[in-house]
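**Student:** Mind having a look at this structure? Questions to follow.
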Amino acid sequence: MMKSKKKKPIPNFKSEQDEQEFWATHSALDYEMEIVEAEVKIDPMARTRLVSLRLPERLIADLKEIAREEDLPYQRLIKLCLQKFVEVRKAKAQRRTSEVRG
């Protein structure tokens with residue numbers, strides 16, 4: 001049977017730089033780590049699904065150029081554009097519903 005090695009307490013650091021230098025040369029496995037229980041909630045709307053779209057090459061080129069200017073991956077830019085479109089349409093529909101009721 002393997003005897004467990006006594007773990008050392010983590011030292012107090014004067015600065016973040018000191019802490020970074022320490023962990024660059026030491027293994028966290030040798031030190032006592034505090035286990036913190038956390039409640040994690042997963043937003044079911046955050047799930048993603050792969051979709052395949054056929055888009056005109058010129059549109060893809062334009063999207064890539066805009067994404068480069070925005071420092072984003074172009075797929076992320078497409079997702080953001082679609083999200084914004086849906087938000088605008090939902091807000092417009094909600095205004096119409098409020099006007100009919102009001």
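Throughout, read-outs are computed from the coordinates displayed, never taken from laboratory work. Quick caveat, the model's predicted, so the values are computed rather than measured. Virtual Cβ from ideal backbone geometry, glycine too; neighbours counted across all protein chains shown.
**Student:** Look at V88 and say whether it is surrounded by fewer than 10 Cβ atoms within 10 Å (Cβ to Cβ) and not aromatic (F, W, Y).
**Tutor:** no
**Student:** Checking the structure you have, find out if any residue of the range 37-57 is out of contact with any Leu (no Cβ under 7 Å at 6 or more places or on another chain), assigned to a loop (DSSP other than H, G, I, E, B) and closer than 17 Å to P9 by Cβ.
**Tutor:** Scanning the range 37-57 turns up no residue that is out of contact with any Leu (no Cβ under 7 Å at 6 or more places or on another chain), assigned to a loop (DSSP other than H, G, I, E, B) and closer than 17 Å to P9 by Cβ.
**Student:** Let me ask you something else. Which of (1) more than 22 Å from the chain's Cα centre (by Cα); (2) assigned to a helix (DSSP H, G or I); (3) surrounded by 10 or more Cβ atoms within 10 Å (Cβ to Cβ) does L29 not meet, given it meets every other one?
**Tutor:** (3)
**Student:** For L72, all conditions in the list (1) loosely packed, with under 10 Cβ neighbours inside 10 Å; (2) part of a loop (DSSP other than H, G, I, E, B) hold save one; what is the number of the exception?
**Tutor:** Evaluating L72 over (1) loosely packed, with under 10 Cβ neighbours inside 10 Å; (2) part of a loop (DSSP other than H, G, I, E, B) leaves (1) as the failure.
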